[in-house]
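Below you'll find the structure, written out as structure tokens, and then a few comments.
The values are calculated or read from the model by the stated rules, or taken from the named source; none is laboratory data. Bear in mind the structure is a predicted one, so any value in this text is a computation, not a measurement. Cβ placement follows ideal geometry from the backbone for every residue including glycine, while neighbour counts extend to all protein chains displayed.
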Amino acid sequence: MKFVFRTIISLLLALGPGSASAQDADSDGDKTIMFTEDDPEMAAATAKALASLDEFLALSEAPPSDTERFKLKVKVRDGNVTEHFWVIPFRRTETGFVGILANQPEQVRNVVLGQNIEFTRDDISDWGYTRDGRQVGSFTVCVMFKKMSKEEVETMRDKYGFDC
């Protein structure tokens, strides 16, 4: 089984808090990279994100004025395939979370771009937000950089504020 970890470049820049649309998300900036289920670097990045998830969720509920674009990366399963998507925006519910799927599915067929999806804490694989124009979190994206071209990585760092 393979896991698909995704990042969408256009959403990191274009979306403001509380907005998402298929037009914003369906761009040439959507980057998909395949990882095996047991990839040690991706597992470490996910573990790091989950270890600080409570702090992130508390911050997202009372965001400081210099922060924006709070997002969660969640896994969606369809049979034997798992794909990870950014959900922007999201909110807590009584049973977990709900938010808008911000990437175009490539492997799974049980969700669509722009769909409101419900998920639980167990489905979360990463989190991120922007502080003063710099990315905070997005640990899985930093692992993805290792499989991207130098030019793609430099673009992400320069235009979208990644420091990894």
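Scan Thr67, Thr120, Thr93 and give me the residue that is surrounded by fewer than 19 Cβ atoms within 10 Å (Cβ to Cβ), at pLDDT 95 or above and closer than 25 Å to Ala44 by Cα.
Thr120
State all residues of the range 74-90 that are within 22 Å of Ala45 (Cβ to Cβ) and under 13 Å from the mean Cα position of the chain (by Cα); if no residue qualifies, say none.
Selection gives Val74, Lys75, Val76, Glu83, His84, Phe85, Trp86, Val87, Ile88, Phe90.
Going through Ile117, Ile100 one at a time, which residue ends up being more than 15 Å from Thr32 (Cβ to Cβ), assigned to a strand (DSSP E or B) and under 12 Å from the mean Cα position of the chain (by Cα)?
When all the criteria are applied, what remains is Ile100.
What's the total number of residues in the range 138-152 that are more than 22 Å from Val74 (Cα to Cα) and either in contact with a Cys (Cβ under 9 Å, 6 or more places away or on another chain) or touching a residue at least 12 places away in the same chain (Cβ under 8 Å) (or both)?
Summing the residues that are more than 22 Å from Val74 (Cα to Cα) and either in contact with a Cys (Cβ under 9 Å, 6 or more places away or on another chain) or touching a residue at least 12 places away in the same chain (Cβ under 8 Å) (or both) in the range 138-152 gives 1.
Name the one entry in Ala45, Ala20 that is under 14 Å from the mean Cα position of the chain (by Cα), more than 19 Å from Thr120 (Cβ to Cβ), aliphatic (A, V, I, L, M) and modelled with pLDDT of 55 or more.
Every option except Ala45 fails the conditions.
Quick check, is Ser10 modelled with pLDDT under 85, small (Gly, Ala, Ser) and more than 25 Å from Lys147 (Cα to Cα)?
Taking the combined requirement at face value, the residue does not satisfy it.
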